[in-house]
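Structure first, commentary second.
The values are calculated or read from the model by the stated rules, or taken from the named source; none is laboratory data. Nothing here was measured: the structure is a model prediction, and the numbers come from that model. Quick reminder, even Gly has a Cβ in these numbers, built from the backbone with ideal geometry, and neighbours come from all protein chains shown.
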Amino acid sequence: MSSAIKTSRSALLATLLVLSIFPLFGSDYYSELLTKIMIMAIFAMSLDLLVGFTGLVSFGHAAFFGIAAYAVVLVSPQYDPASLWLVLPAAVLAAAVAAFVIGLFVLRTKGIYFIMVTLAFAQMIYFVFHDSPLGGGSDGVFINFKPELRIGETQLLDLGNAAHFYYIVLLLLVATYVFLRILLRSPLGHALAGIKSNEHRMLSLGFPVFLYKLAGFVIAGALAGVAGFLSACQFGFVTPEILSWHQSGNVLLMVILGGIGTLNGAAIGAFAFVVLQEVFSALTKHWQFLMGTVIVLVVMLLPGGLASLTQRVRRLLVGGGSNG
Amino acid sequence: MDLTTFLIQLLNALQYGLLLFLVASGLTLIFGIMGIINLAHGSFYMMGAYMAFALTSATGNLFVAILLGIVLSALIGFLLEWGLFSRLYKRDHLDQVLLTYGLILMFEEIRSMIVGDDVHGVRIPEILSASIQLSETLSYPVYRLFMSAVCIVLAVLMYWLIRHTRLGMMIRAGSSNREMVQSLGINIDLIYRLVFALGVTLAAFAGMLAAPVSSVYPGMGNQVLIICFVVVVIGGVGSVWGALVAALLIGLADTFGKVIIPDFAGLTVYLLMAVVLLWRPEGIFRRI
Amino acid sequence: MSHEVNRRQFLISSAAVAAGLALPSAPLFAQGAKKVRVGLMLPYTGTYAALGNAITNGFKLAVEQGGGKLGGSEVEYFTVDDESDAAKAPENANKLIKRDNVDVLVGTVHSGVALAMTRVAREAKALLIVPNAGADEITGPLCAPNIFRTSFSAWQPAYAMGNVMAERKHKNVVTLSWKYSFGEQSVAGFKEAFEKAGGKVVKELYLPFPNVEFQPYLTEIAALKPDAVFVFFAGGGAVKFVKDYAAAGLKSTIPLYGSGFLTDGTLEAQGDAAEGLLTTLHYADGLDIPKDKEFRAAYASAFKMQPDVYAVQGYDAAQLFATGLAAVKGDVGKRDELVKAMESATIDSPRGKFTLSKAHNPVQDIYLRKVEGKENKVVSVAAKALADPARGCRM
């Protein structure tokens, strides 16, 4: 796999700038869309930690996304806005605890079994919310008021306000990115990278591999929970479909699309995926065919994802050059 | 629950489990022998059901339709392996998962474009349309007994093929060491192609067989797919025997779950899976 | 090198973002006379695609009959395929409301999607006409001046059937349905009427939506030996259930009843298994209503197929909106007048004339129908001018 591409400070800052000023110019609908993309980017980055940096291909990551989203709805009171101080930690904690428990089961398996087992556990969680009276069943649940941030009597932030919400999402996106970058440079991050490249060697070196994997799994789950929290707040509406294996497949796709093992790639993949969906569904009602074709083509022809696309194009134009 | 009802529910569980086995056997074969995880397997089941509908409407006879369908499915499986799946052997599992996921989307839409989105029924052939009276209110359709019988016959055939024929031996050898088999002069590419075609045909045949009792509708492959995965997880990858045991267990869990704990009926299968995984993380059986 | 790659990444991303900025919201100023923007959010793919198409056909037929105009105004359509996916519903509704700035939102089939749409429409104060989804809440707790429905509530046909089954001297009944809002509300409506008339619901069975493995439930029903069975199923599930019920020999021993969705649009696939089944719905075949005969002829010649209840509901949605438009002479800005006109309208529907209740749900006759061949032939009126109680509506 390619080593983590060094980040270009100016490119990142420029992207940040564009994102920051977009709501001032863009229409309501597209600001909403961009908000959704940013939420998906957080989700995809959390999965990239597992897939790209630890080598754990989880096909059930939507479970943690969904558990956090449901936690938001279940914790929010019916006739008042919930407090951000309460709801955000609750949602993230719920996701983290779920990741811990599920991790204890699934991390005992490897490779293809891991993929299948994560899929199966996510389905179990899906059915918990779909069939039992816990949520609103297959029709989903609503919150009547979106959470707010208060200090004393003053309301600082209202997540029901589109502009407030946009900037909260942007803030959390940046925070997640920075957090992950720091994590990857930390001893834990290096251990995960070591596990990805050669698990046996790490074991023989005396590393508690299972614990490291569990830590990575829980952190990834918690971050997916952040995305889930935001997703619930965007429309105040949660259905079991956000836990479905389709959602798990989609986020996996975003990671691949952008290029695994590069944190930026996850965000780019999220962007590309949502934009492709928008564009295709405006084109034809059979847009899923186009989506499927793109997926097949990307897997067959672009193993490095979109992040590698520019490299390949350069190589094609410039011709020859060094391998690798 | 009285004894008669219990026995009838047992029969229901068995029939559901056997059909599940038929679909899952193809998945576990392809998986165990070629190491490919194929999410589009549910699409082949759907393809079979729609074939049964289209061909029965055209020929007026379900049996003829099934025979034609088997030939068609084998052909499609052959071509798919040759054109697409053969390139996946060297790729890692993530790529296989995503590529076959993309295929599901494509197959669903192709189905929609060719056959449309309506719900269809397939007529049960006259000679199998009777029902056997089991209790004073309930009778059991002969066709369902026929289905179970066919599944059992197929299970036996598969066992015989894999354990007692040269082809089976080559298949088993090829799954553990591809290069060695090739160097012995056996055309391993052809064998893989055959196995893949067999897997596709099994799934499609299950769809054809089930079409008269399930209706034929969009998205029918998706529901089946996930349960098939659970069958493979519980039974053990590549183990046809494991798939049979797991499918029957799931049939029991699902049927009795619906009756005893209706609120959590959907969960019972996954709880079963969790319990099995605690005991044996790689499934009950491991080899073919 | 990595520097270059990232600059390219950034350029691509920002180019796309800029393109997004530039993508026009639909133009607010049209040439010439102002067209009315109609947003159709319906399923055009998946199991309910046929229903989405029927509703669209019905709507468009009404416009055509008005000379290409609705209430005197020209119409511009904006369509979104909701894929019967409740999770995407808020976004899809916003596409029409915020991106395309439609004057009226028409949709949808699936109750879960419609519930999400209703909430979005309430918040955005957008005009919504529901041409099918029967969730009671839409004209119940979620009722609002800008929310209308031209179809039915889950309660209506089920309540009517409760009375029918009591009149037919059934005492003990088992119900079976999918466990989601529409199924549960249907059973509740049935139970209310049936138990009020002296009957007893012995057991309420549910299976997870959209599961169609009915065998265990059929076995249980047979073991319970009720006088009759009341079910709600629709689409593919309805096809399979009726066939399974007959194959299990239950059809001759324990009579089966259901709300009309059990046999609407499914008779072709169900074949003989459905013959003789009694259902209740606000529409039927063989109605002796001039408007219906006229409608069926016009629909058949325009679309080369017979209309169904969904087409009627779409047709009536257009008629309802047309009444409002005519009253404000096409000026949709006059929302209060528009709503008042729609509220007090009498719709000349192929199902028979109906008015709207205070909660904006049709007050209509519910017919008792019997399956004869490929038709749901009307037998009698099961309930005259039945109004949904609109529990929880504060309007």
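Each row is one residue, and each column tells you yes or no for (1) more than 11 Å from the chain's Cα centre (by Cα); (2) within 11 Å of another protein chain (Cβ to nearest Cβ); (3) surrounded by fewer than 24 Cβ atoms within 10 Å (Cβ to Cβ).
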position: C:Thr108; (1), (2), (3): no, no, no
position: C:Met117; (1), (2), (3): yes, yes, no
position: C:Asn132; (1), (2), (3): no, no, no
position: C:Thr139; (1), (2), (3): yes, no, no
position: C:Arg149; (1), (2), (3): no, no, no
position: C:Phe152; (1), (2), (3): no, no, no
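Considering only the stretch A:74-88, I want to know if a residue exists there that is within 14 Å of chain C (Cβ to nearest Cβ) and crowded, with 20+ Cβ neighbours inside 10 Å. Before the answer, list the steps.
Pass one, the stretch A:74-88, residues within 14 Å of chain C (Cβ to nearest Cβ): A:78-79.
Narrowing the set further to residues that are crowded, with 20+ Cβ neighbours inside 10 Å leaves none.
Checked against the condition, which is being within 14 Å of chain C (Cβ to nearest Cβ) and crowded, with 20+ Cβ neighbours inside 10 Å, the stretch A:74-88 yields no hits at all.
Just to be sure before I move on: is B:Ser43 closer than 25 Å to A:Phe114 by Cβ and away from every other protein chain (no Cβ under 12 Å) in the structure I sent? Write out each step before concluding.
Details: closer than 25 Å to A:Phe114 by Cβ: yes; away from every other protein chain (no Cβ under 12 Å): no.
When the stated conditions are applied, B:Ser43 does not pass them.
Among the residues of the stretch A:250-290, what is the count of those that are in contact with a helix residue (DSSP H, G or I) (Cβ under 6 Å, 6 or more places away or on another chain) and farther than 27 Å from A:Ala175 by Cβ?
Qualifying residue count for the region: 7.
Please pick out the residue among C:Arg391, C:Arg351 that is in contact with a helix residue (DSSP H, G or I) (Cβ under 9 Å, 6 or more places away or on another chain) and over 18 Å from C:Leu51 (Cβ atoms). Steps first, please.
Numbers: C:Arg351 fails: over 18 Å from C:Leu51 (Cβ atoms).
Residue meeting the stated conditions: C:Arg391.
Taking into account only those residues within the stretch B:119-131 that are free of Cβ contacts under 8 Å to residues at least 24 places away in the same chain and facing chain C (nearest Cβ under 9 Å), which is farthest from B:Ala40 (Cα to Cα)?
B:Ser131
So B:Val153 passes all but one of these: (1) in a loop (DSSP other than H, G, I, E, B); (2) among the β-branched types (Val, Ile, Thr); (3) surrounded by fewer than 19 Cβ atoms within 10 Å (Cβ to Cβ). Which condition number does it fail?
(1) is the only condition that B:Val153 fails.
Do we find that C:Ala238 is within 22 Å of B:Ile132 (Cβ to Cβ), among the hydrophobic types (A, V, I, L, M, F, W, C) and part of a helix (DSSP H, G or I) in this structure?
Numbers: within 22 Å of B:Ile132 (Cβ to Cβ): no; among the hydrophobic types (A, V, I, L, M, F, W, C): yes; part of a helix (DSSP H, G or I): yes.
Here the answer is no, as C:Ala238 does not meet what is asked.
Considering only the stretch B:181-284, give the helices (runs of 4 or more DSSP H) lying wholly within it that have at least 1 residues that are under 20 Å from the mean Cα position of the chain (by Cα) and either away from chain A (no Cβ under 11 Å) or within 25 Å of B:Pro141 (Cα to Cα) (or both).
On the way: elements: B:188-210, B:220-235, B:240-260, B:265-279.
Output list reads B:188-210, B:220-235, B:240-260.
Return the residues of the stretch C:304-324 that are out of contact with any Lys or Arg (no Cβ under 9 Å at 6 or more places or on another chain), in contact (Cβ under 8 Å) with a residue 60 or more places away in the chain and farther than 13 Å from C:Ile347 by Cβ; say none if nothing qualifies.
If the condition is that a residue be out of contact with any Lys or Arg (no Cβ under 9 Å at 6 or more places or on another chain), in contact (Cβ under 8 Å) with a residue 60 or more places away in the chain and farther than 13 Å from C:Ile347 by Cβ, then C:Asp308, C:Tyr310, C:Ala311 are the ones that fit.
Determine which single condition C:Leu267 fails, assuming it passes every other condition in (1) over 19 Å from C:Lys377 (Cα atoms); (2) crowded, with 20+ Cβ neighbours inside 10 Å.
C:Leu267 satisfies every listed condition except (1).
How many of the residues in the stretch B:30-67 are touching a helix residue (DSSP H, G or I) at 6+ places or on another chain (Cβ under 6 Å), over 22 Å from B:Trp241 (Cα atoms) and not in a helix (DSSP H, G or I)?
1
Among the candidates C:Ser186, C:Ser177, which residue alone is crowded, with 20+ Cβ neighbours inside 10 Å, within 13 Å of chain A (Cβ to nearest Cβ), polar (S, T, N, Q) and outside any loop (DSSP other than H, G, I, E, B)? Write out each step before concluding.
Values: C:Ser186 fails: within 13 Å of chain A (Cβ to nearest Cβ).
On inspection, the qualifying residue turns out to be C:Ser177.
Here is a list: A:Gly228, A:Gly269, A:Gly261. Which entry is in contact (Cβ under 8 Å) with a residue 24 or more places away in the chain and assigned to a loop (DSSP other than H, G, I, E, B)?
Values: A:Gly228 fails: assigned to a loop (DSSP other than H, G, I, E, B); A:Gly269 fails: assigned to a loop (DSSP other than H, G, I, E, B).
Going through A:Gly228, A:Gly269, A:Gly261 in turn, just one is in contact (Cβ under 8 Å) with a residue 24 or more places away in the chain and assigned to a loop (DSSP other than H, G, I, E, B): A:Gly261.
Of the conditions (1) modelled with pLDDT of 90 or more; (2) buried (at least 19 other Cβ atoms within 10 Å of the Cβ); (3) over 15 Å from A:Leu88 (Cβ atoms), A:Asp139 satisfies every one except a single condition; which number is it?
Going through the list (1) modelled with pLDDT of 90 or more; (2) buried (at least 19 other Cβ atoms within 10 Å of the Cβ); (3) over 15 Å from A:Leu88 (Cβ atoms), A:Asp139 breaks only (1).
Identify all residues within the stretch C:349-374 that are outside any strand (DSSP E or B) and surrounded by fewer than 16 Cβ atoms within 10 Å (Cβ to Cβ); write none if there are none. So that I can check it myself, show each step before the final result.
Residues of the stretch C:349-374 outside any strand (DSSP E or B): C:349-353, C:357-361, C:373-374.
Once the filter is applied, which keeps residues that are outside any strand (DSSP E or B) and surrounded by fewer than 16 Cβ atoms within 10 Å (Cβ to Cβ), the stretch C:349-374 yields C:Lys353, C:Lys358, C:Gly373, C:Lys374.
What residue, of B:Leu27, B:Leu22, B:Leu18, is among the aliphatic types (A, V, I, L, M), within 11 Å of another protein chain (Cβ to nearest Cβ) and either part of a helix (DSSP H, G or I) or surrounded by fewer than 23 Cβ atoms within 10 Å (Cβ to Cβ) (or both)?
Values: B:Leu22 fails: within 11 Å of another protein chain (Cβ to nearest Cβ); B:Leu18 fails: within 11 Å of another protein chain (Cβ to nearest Cβ).
Answer to the check: B:Leu27.
So C:Gly236 passes all but one of these: (1) more than 8 Å from chain B (Cβ to nearest Cβ); (2) in contact (Cβ under 8 Å) with a residue 60 or more places away in the chain. Which condition number does it fail?
Only one criterion is unmet by C:Gly236, namely (1).
Criterion first (of a type in the set (D, E, K, R), at the interface with another protein chain (Cβ under 8 Å from one of its Cβ atoms), within 30 Å of A:Phe59 (Cβ to Cβ) and assigned to a helix (DSSP H, G or I)) does B:Glu81 satisfy it?
no
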